[in-house]
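Reviewing the structure listed below.
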């Protein structure tokens, strides 16, 4: 594709230096991309190229520009790499991309859950879910989640674990986004990482970069993706996760439901 695909759109809407720094961490590219030294246009161009080249074949990258390969292809192949079933042969719309991204977010959370249960027991994960639920309730009391969304969440939440709710996609996109954020925050808090009751903003990026960055996985004891191939796949999976959450953050900020500053 050309300019304006599902990755380019998100990158063009990033205006927070912390989000750029998170991408540097996840892509492990501090040696060649320095956000403080580049313009917005320069950052968009550099990360378009960096993210696509992490996925692409080394030889073919020599003949590609910063908009190749298509991001839709990257998302689809990432889902397949994570053994997510029922991925369409082609993601034909932004809706298709968002559906695939939601499944990827859920799959990564499932891997985090499995790792925590294996290491610390099921009770440790139950505490994480309880923490996430508590903060969802707090956000509702503070008026950051509507009564309609919260009622929908409560009605469905009793029928399974929180990750299942994200994967099923039966709740509104906004509540799915909020729930995914709170689960990531709860996992971070369980690891001793100081995370407040943030709804949006750079904190989610820094949290994910801690989980998925080349150093962060080791420090967190969650090197979950080591069996999924080369270092390029680790970077690509982490990037797709972060872009997926940024896409939703940007959408709901534009709708006035959250503040992304």
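Counting only residues that are assigned to a helix (DSSP H, G or I) and in contact (Cβ under 8 Å) with a residue 40 or more places away in the chain, how many does the stretch 239-261 have? Give the steps one after another, and end with the answer.
Of the residues in the stretch 239-261, the ones assigned to a helix (DSSP H, G or I) are 239-254.
Still in the list and also in contact (Cβ under 8 Å) with a residue 40 or more places away in the chain: 239-253.
The number of residues fulfilling the criteria is 15.
Is it the case that residue 28 is within 17 Å of the chain's Cα centre (by Cα) and on the phi > 0 side of the Ramachandran plot?
Here the answer is yes, as residue 28 does meet what is asked.
Residue 26: touching a helix residue (DSSP H, G or I) at 6+ places or on another chain (Cβ under 9 Å), in a loop (DSSP other than H, G, I, E, B) and in contact (Cβ under 8 Å) with a residue 40 or more places away in the chain, yes or no?
On the way: touching a helix residue (DSSP H, G or I) at 6+ places or on another chain (Cβ under 9 Å): yes; in a loop (DSSP other than H, G, I, E, B): no; in contact (Cβ under 8 Å) with a residue 40 or more places away in the chain: yes.
Judged against the criteria, residue 26 is not a match.
Can you tell me which of (1) touching a helix residue (DSSP H, G or I) at 6+ places or on another chain (Cβ under 6 Å); (2) at pLDDT below 90; (3) not in a helix (DSSP H, G or I) is the one residue 116 doesn't meet?
(3)
Please count how many residues of the stretch 57-113 are more than 21 Å from residue 241 (Cβ to Cβ), assigned to a helix (DSSP H, G or I) and either out of contact with any helix residue (DSSP H, G or I) (no Cβ under 6 Å at 6 or more places or on another chain) or at pLDDT 90 or above (or both).
Result for the stretch 57-113: 3.
Which ones in the stretch 119-162 are surrounded by 15 or more Cβ atoms within 10 Å (Cβ to Cβ), within 22 Å of the chain's Cα centre (by Cα) and free of Cβ contacts under 8 Å to residues at least 24 places away in the same chain?
Residue satisfying the conditions is 125 alone.
The values are calculated or read from the model by the stated rules, or taken from the named source; none is laboratory data. Just so it is clear, the structure is predicted and the values come from calculations on it, not from any experiment. Using ideal geometry, Cβ is built from the backbone for each residue, glycine included, and neighbour counts are taken over all protein chains shown.
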